[in-house]
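Rule-based calculations on the coordinates, nothing more; no lab input. On a predicted model such as this, the values are computed, not experimentally measured, just so you know. Using ideal geometry, Cβ is built from the backbone for each residue, glycine included, and neighbour counts are taken over all protein chains shown.
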Amino acid sequence: MSRFDKHVFVCTNERPAGHLKGSCSACDGNEIKNKLKSLVKQANLKNSIRINSAGCLDACEYGAVIVIYPEETWYGKVGLDDVAEIFQSHLVEGEPVDRLLIPASELAAISTKSTAERFGDRHAGKKSSLPG
């Protein structure tokens, strides 16, 4: 039995400006986390839904990234305008927001590729071919 029905991790990792991998902090990760926390509090769901900051979730090409447990649902390219929809649809009603899901096949591919394969090798002058 878990303490919370849903546990939400929002990547708030910060890297220097211009870093090859980027950073979820630069993609409003902290603001996304704070907005989710506010919505949970307003809905009086603090005892069933926990919102936490996360360090790098190693899906940098999809920043800002959110992972929701126990479902292991991964959202990518989340913007501030998406937060209310994720809250209402997924956290309250139990329906994932399909348009923001990172496909399982892409998550699996991330774990098998090196950083250079994912982002290019800036020392060799290669460019990254990041998704959308």
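Worth pointing out:
- Residue order, fewest to most beta carbons within 10 Å, for Asp82, Asp58: Asp58, Asp82
- Environment charge at Asn52 (Cβ cut-off 12 Å; Lys +1, Arg +1, Asp -1, Glu -1): +4
- Net charge, Leu91 excluded, C-beta distance under 11 Å - Lys, Arg +1, Asp, Glu -1: -3
- In Hz, Karplus ³J(HN,Hα) per residue of the range 64-75 (6.51, -1.76, 1.60; θ = phi - 60°; x = Gly, Pro): 6, 10, 10, 10, 10, 10, x, 6, 6, 8, 10, 10
- Environment charge at Arg3 (Cβ cut-off 15 Å; Lys +1, Arg +1, Asp -1, Glu -1): +2
- The range 80-112 and the range 30-61 have Cα centres lying 13 Å from one another.
- The range 6-119 - percent relative contact order, Cα under 8 Å, separation 6 or more: 29 percent
- Student exercise, the range 1-95 dipole from Lys, Arg, Asp, Glu Cβ charges, in Debye to nearest 20: 460 debye
- Value in Å of the Kirkwood radius, where the range 6-119 supplies the Cα pairs that are averaged: 14.3 Å
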